[in-house]
Each structure stands twice: as C-alpha cells, then as structure tokens.
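What follows is one structure encoded as structure tokens, with my remarks underneath.
FYI, it's all coordinate maths here, none of it is from the lab. No experiment lies behind these values; they were computed from the predicted model shown. Positions of Cβ are generated from backbone atoms using ideal geometry, with glycine treated the same way; all protein chains shown enter the neighbour counts.
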Amino acid sequence: MRNAGRLRAAGLYAALAIGLVFVAGPFVWTLLGSFKSDAEIRQEPPTFLPLRWITGNYAALFERMDVVTVTLNSAVVAVIVVASNLLFCSMVAYALTKLPFAAGRAVFGLVLLQMMVPAIVLLIPQFVTVASLGLADTYAGIVLPGLVTPLGVFLMRQFMADIPDELVHAARVDGSGEFRIFFRIVLPLCKPVLATLGLITFMGSWNAFVWPAVVAQRKEMYTLPVALASLSGRETVHYGLLLAGVIVVITPVLLLFVFLQRYFVQGVATAGLK
Amino acid sequence: MSGLASGPAAAGTAEGTGRSTAEGTRAPVRAGRAPAGQRLNPPRRAGTAWLFSAPFLLVFGLMYALPLLAGLVMGFTDMRSTDARNPFAVNFVGLDNFQRLFQDEVMRRAAANTLFFVVATTPLTIALGLLAAMLLNSGITRLRTFFRLGYYLPYVTSIIGIAVAWRLLLDPQAGLVNDLLRAVGVDGPAWLLDERTALGSLVVMTAWRNFGFDMVVFLAALQSVPRELYEAADVDGAGAWARFRSITVPMLRPALLFCGVYSAAGFTQFLEEPLVMTKGGPLNSTLSASLAIYNKFGSGDYGYGAAAATILFTVIAAFSAAQFRWLRPRT
C-alpha cells in the first residue's frame, strides 16, 4: 500500500517536471542564448550552455536601442499608472460600498461596461481623442486610458464590501469627515488588496504594447516593449541581440512576480470566483 | 495587452452578463447600498460619493464613452488619418464601409482565422490548465508552490518578449524546436513561414502562455470541492474517469464557465502575437480580426477600421451573452 502511494507520487512529480520543462524551456533557452554568439546560436547540433560566455549581445543592445531612456519611460508610465489606480480605484470603491450613493449601481455598470469593450474597438477613436487634446507622443497620452482600471475598482469594491460598516459608522459618530475615514481607517485596512492591485497594474503597464506603440511616435517616447518590437522588426540576422532584448524586457516583472506571487494568486482568485 | 488588459475585460463580462441573464442565481450586488451611512446627513455624503467617483467618471467619459460613441459614428464616415486633428470635417458615407467589409476578401480571411484561433485555443488552454491543476491538487505537498509559480510565469511575461523569443524558437534553422526534432530524426516544418503551420503554431504558443491562469482558477475551485464526494465515490467503486466526469466537472462548472468566457473573449482580440511574429502572413494565414483593424489604422483608413471594429465588438458581445445562456449553472 505504501509502495503504491510512493509510486503514484513519483509519477505525479515526473509529470509535473515534464510540464515544467516545456513551460520553462523557452525562458532558459532565451537566457542562455543571450550569452551566445550568433554563430553558436545557429550551430548544429545546438549547444545547451554557451561554449564561450559573451556579453557582446547586451553591449550591442545598448548601442542599437536606447535602453536607459526606454526603461525610464516604462518606469515613469508604470509609476503614474500604479499610483493613480491605487488612489482612484479605492475612492470609487469607497463611494460604492460605504457612502449612500443613489447612482452607485449605474456607476458600477459603467465600470463593467468599460471592462467589456475590446481594446481594439477603442484604439482608433481613443487615438483621435488624444491627438485632438494635443497629447500624442506624451506621457499623459500614454497613461490617460489606464488611470482608473475597471479591474482595480472591481477588486477594491470586493474587498471594501467586507469591511464592517459599523467601523465607518463609529468614526462618523466621532465626527470624522469622509476623507479622513477613507485615508485613516479604510485604506490602511486595504493593504493586502492594494498590494495585489499595485502589482497587477504595474505588470499591465510594464507589459502594455499596442496603446503605447500608437501614442509614442518619436523613439525617445518608446516604452521597453515598443522598443523591442521595433528592434525585432528591423533585425533579421542578429538573434543574440534580440534574445538579450527579451531578457531585459521580461526580467523586472518576472523577479517581482517570483517574490510577490501570493498577491497575484489572491487577485486572480478574487476576480475569478466571487 | 492581450494578457492582463484583456483579462479584466472577460472578468467584467462574467460578472456583467451573469447578472442580467442569471438574475437571482447569484448573490445580489452590494454596490450602492450603504445602510450604515443612511442616517447621518445623507445629502452631503451623496455629494461626497460623486466627488470620490469623479476621477473614474472623468477618465471614463473622456477615454471610453466619448471614443466608443465616436467610433460608432466614425464607421459611417470616410475619416482618414489626415482628419485626426480636425475630426469634424469628415463626410458621412452611410453604410458604404459596412458593404465594403462584407465583400472584402482579406477581412473575411481575418474573421475565419480569428474563429479558428478561438475555437482551437480556448479548449486547449482549459484542458492544459485543468490537467495542471489536477496534478497539483492530487495530494502532493512538496514543491507545490514551486510548480504553480513555474506554470504561471509565461502568463505574467510581456507578450512582446514572448513573441520575439518564440519567433526565434520556431526559426526553421536556428530555432530550438527544429533542433530538437532533428535530434530525433524529424525534419521540422518552417512553422511561421509556412501557411499550413503558422496559425497552428500561434495556437500552441498562446495556450502555452495562458494555461497557467486557468490553472490558478481551477486550483482555487478544486479546493472547495468536498472531499467526502470523492470518498463516497470510492466506496461506490467509481473509477478515476467516472469521478472526473461525475464530480470534478460538475463541481468546477462555474470555474469552467469563467475560464471559457474569459479566454474566448481575450483570444477573439489576439493581436500582438501575429503582429510581432508573422505580420499576419504568410499569405494572410495568421491575419486576425484585430490585426486587420490595426492595419487599417496604420494605413490611415480610420472610417473603415472603425466600421470593422463595430462589427467585432457586436460579435464579441453576442458571443459572450450566448456562452452565458448555454453554460450558466442549472438550478
């Protein structure tokens, strides 16, 4: 009986490990390839570890792409989007759950509507709007549509609904104003969900491609993914360079995710199952 | 964008449509009810509620409501990119754009590709996610978090990074995939360069990238299935397949519904993968509906692109509503 159990466990672990090879293989190949020469990447039969570790691909990447500028652009955009979502999504959620709000249902309906509209449907008219405002090719134009995301409102509302109304009520009886209650009592209780929301919006912003690609017209305004896509469109032979570019783009989010993954999983479970 | 940004889209679809079609089967939504606050000077706090909602309403009005309406109108005009700074100087052309759309071979091809992509990718992603979740939920304790983390990684990675990496992985000569095939004596196809294999390659890559999300949803759902059900089934002598069919699948119905609608809504909008990996080629074999619209944007044909977008939106909305009617919990 015990042997059968062990055999079963061994089978399970073997299946999981094979799955992991398929999932992680491309990442490992990309990372190792970014340290190989182009000749070695094309070599037959392929090598696993680089025969000779070179950093030339990264040096070439910094020459062909203004890595510092575009990383800075990505960071500026992400910081604005995260800060704005943390504050504004919480504010809407507070209005929806803790304030008498006759139009609350209608406002929440708009949140759901915004979630449903496919990005591509809005792309052209959103760009026309941004261009009419004179915001094409600016940070403001890039961040504008993502300042208050519906997923954020949704998550915060879900969480705040579970905060006892009595708590808010007691503070009101004590004479606290709504802003004070919001910042001093409710927001501190929301720390775990704020971490989730911050992480999710950071990732969404860091990985966003189509909208920044449309709004950013000069190379100096490109974000990391836009710059990488543009490089990949021009570059057809120098594979090591592109692999290095992929590593630069994906590493920050992967590190963040590995260290803070429990917040992600909570977010998915909340959004998916409630 | 197809990852997270479209993620909320489907979550919203799930909640929104669920309320309108399955009213009464779900817990009532609590928005807009605040019993604790109704006694102390409500008028002033009602004003505060509007103030708290103002940032959202401003962004929504300017960047969603206005563009959505503008897009609808734009589809009936001959607007081009040169009109972008002066959007009111366009001519109305009635249904011309829509008539052109239905006779446009390229658009038809894009619609067919998108349909194939969604129909192939959605079940594949769900099956992989379910398999991974069941393996992780089958009683193992060690390394559980490690495997879950690993399987989830592609989903949180930049789609551009993944698309660039996979373009090279699938390179007929230098790519790892054909290298491995050659090692076992198989001469691999040209994948993205061959119109017979290009779209299939994107299907597999997309399922590879997204199944971790479904896995997490299924894992959470599996943990709420009472163990007694399986124990009772064991007593009755039910086999593994019978337990899967009669317990796991019915108990996971809400999660399956969510993943199905969520994935399908996201996959209907697939854009970055073909944009970076194939540019829609070879011979339009990977041109998606979203990419075709994106290309109209690139060529400055705004009115025509907006008309195509209106059709796509209508199809997605109808499709989501239909999925809910078919798949909602039977009570």
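Things to note:
- Of the chymotrypsin sites (Phe, Trp or Tyr not before Pro) in segment B:81-167, those whose Cβ has at most 12 other Cβ within 10 Å and which sit in DSSP loop: B:88
- Computed about the Cα centre, the dipole magnitude for chain A is approximately 700 debye when only Lys and Arg (+1) and Asp and Glu (-1) carry charge, each at its Cβ.
- With K and R counted +1 and D and E -1, the other residues having a Cβ less than 9 Å from that of residue B:282 yield a net charge of -2.
- Only one residue of A:243, A:114, A:187 has its Cα farthest out toward the positive end of the dipole of chain A, where Lys and Arg carry +1 and Asp and Glu -1 on Cβ, and that residue is A:187.
- Ranked packing of A:97-108, B:227-238, B:312-323, B:260-271, most packed first, by mean Cβ within 10 Å: B:260-271, A:97-108, B:312-323, B:227-238
- For chain A, the longest principal axis of the C-alpha atoms and the axis of helix A:224-234 are separated by about 40°.
- Shielding by partners - mean other protein chain Cβ count within 10 Å, residues of B:260-272: 2
- Qualifying lysines (Cα of each under 26 Å from Cα of residue A:219; at least 8 residues distant if same chain): B:279, B:296
- Projected label distance in nm at residue B:251 and residue B:78, using a 7 Å step from Cα toward the beta-carbon: 6.4
- Dipole magnitude for the protein assembly as shown: computed about the Cα centre from +1 point charges on Lys and Arg Cβ and -1 point charges on Asp and Glu Cβ, it is near 1660 debye.
- Taken over chain A, the alpha-carbon convex hull comes to 200 cubic angstrom per residue.
- Rg and Dmax of segment B:70-125, both derived from C-alpha coordinates alone, stand at 16.0, 48 Å.
- Shielding score for B:71-83, defined as the mean number of other chain Cβ atoms within 10 Å: 2
- Amide H within-cut-off set for residue B:271, under 5 Å, with H built and near neighbours excluded: none
- Of the residues B:225, A:131, A:198, the one whose Cα sits farthest toward the positive end of the charge dipole of the protein assembly as shown, with +1 on the Cβ of Lys and Arg and -1 on the Cβ of Asp and Glu, is B:225.
- Compactness ratio for segment B:273-315: Cα radius of gyration over 2.2 N^0.38 Å (N = residue count) comes to 1.15.
- Segment B:175-191 - phi-based ³J(HN,Hα) in whole Hz, Karplus 6.51/-1.76/1.60, Gly and Pro as x: x, 5, 4, 6, 4, 5, 4, 4, 4, 9, x, 9, 8, x, x, 8, 6
- Long-range Cα-Cα pairs in segment A:1-153 (distance over 21 Å), rounded percent: 71
- Its Cα gyration tensor gives segment A:2-57 an equivalent ellipsoid, and the semi-axes of that ellipsoid, as √(5λ) in whole Å with the largest first, are 36, 10, 9.
- Within straight-line reach of residue A:191, meaning a Cα separation under 24 Å, sit the following lysines at least 8 residues removed in sequence or on another chain: A:98, A:274.
- Evaluated over the protein assembly as shown, the Cα radius of gyration and Dmax, each in Å: 25.0, 81
- 5 angstrom amide H check on residue B:77, placed H, neighbours 5+ away: B:93
- Partner shielding of A:87-97 amounts to 6, given as the average count of beta-carbon atoms from other chains within 10 Å of each residue beta-carbon.
- Residue B:90 long-range amide H proximity, modeled H, under 5 Å: none
- The alpha-carbon positions of segment B:124-219 define a convex hull whose volume is 118 Å³ per residue.
- Along the axis of the charge dipole computed for the protein assembly as shown (Cβ charges of +1 for Lys and Arg, -1 for Asp and Glu, origin at the Cα centre), the listed residues B:300, B:79, A:168 are led at the positive end by A:168.
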